[in-house]
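The values are calculated or read from the model by the stated rules, or taken from the named source; none is laboratory data. From a predicted model like this one, the values you see are computed outputs, not experimental measurements. Virtual Cβ from ideal backbone geometry, glycine too; neighbours counted across all protein chains shown. Surface areas here come from the heavy atoms of the whole protein model, side chains and all, with no ligands, DNA or RNA. Shrake-Rupley method; radii C 1.70, N 1.55, O 1.52, S 1.80 Å.
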Amino acid sequence: QVQLVESGGGLVQAGGSTRLSCAASGRTFTSYVIGWFRQAPGKEREFVAMISWSGSTTTYADSVKGRATISRDNARNTVYLQINSLKPEDTAVYYCAARRLGQTTLPDLYDYWGRGTQVTVSS
């Protein structure tokens, strides 16, 4: 079992930045791929970024590529998502999720989820 808690969301002006954190507890954190997803009102949950257990491999959605950086600190059991040049369309609840085996952008294949943190980008 892995417990995930997101933090760092809030209200940000367009063009600004936000840094989200995903703190994990429970089983060996380093064994898990961590993904960030987001869900805007009336829309399906969508992939944002993911990072391999070692941190050596990262993948980004086209919508945030070049603006986002995902990183992990296994000593602190924490994964970070920095998004720069925020746009109003980045407004969503952001979730982190953990997966034991392999990397995937499909949310249904992740085993554990946090409760999410709201990011609102004002124009």
Residues satisfying the stated conditions in segment 6-22, i.e. at pLDDT 95 or above and either over 11 Å from the mean Cα position of the chain (by Cα) or in a loop (DSSP other than H, G, I, E, B) (or both):
8, 10, 11, 12, 13, 14, 15, 16, 17, 18
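Conditions (1) closer than 16 Å to residue 93 by Cα; (2) touching a helix residue (DSSP H, G or I) at 6+ places or on another chain (Cβ under 8 Å); (3) open to solvent by less than 60 Å² (accessible area, probe 1.4 Å), marked per residue:
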| residue | (1), (2), (3) |
| --- | --- |
| 8 | yes, no, yes |
| 12 | yes, no, yes |
| 32 | no, no, yes |
| 37 | yes, yes, yes |
| 55 | no, no, yes |
| 64 | yes, yes, yes |
| 69 | no, no, no |
| 73 | no, no, yes |
| 76 | no, no, no |
Give all pairs with beta carbons closer than 8 Å in which a residue from segment 35-61 that is farther than 20 Å from residue 102 by Cα and among the polar types (S, T, N, Q) meets a residue that is open to solvent by less than 60 Å² (accessible area, probe 1.4 Å) and not in a loop (DSSP other than H, G, I, E, B); count only pairs at least 6 apart in sequence or on separate chains.
39/92; 39/93; 39/95
Looking at 55, 9, which is the one that is closer than 21 Å to residue 122 by Cα and not basic (Lys, Arg)?
9
Filter segment 94-121 down to residues that are within 20 Å of residue 16 (Cα to Cα) and of a type in the set (S, T, N, Q) and give me whichever is surrounded by the fewest Cβ atoms within 10 Å (Cβ to Cβ).
118
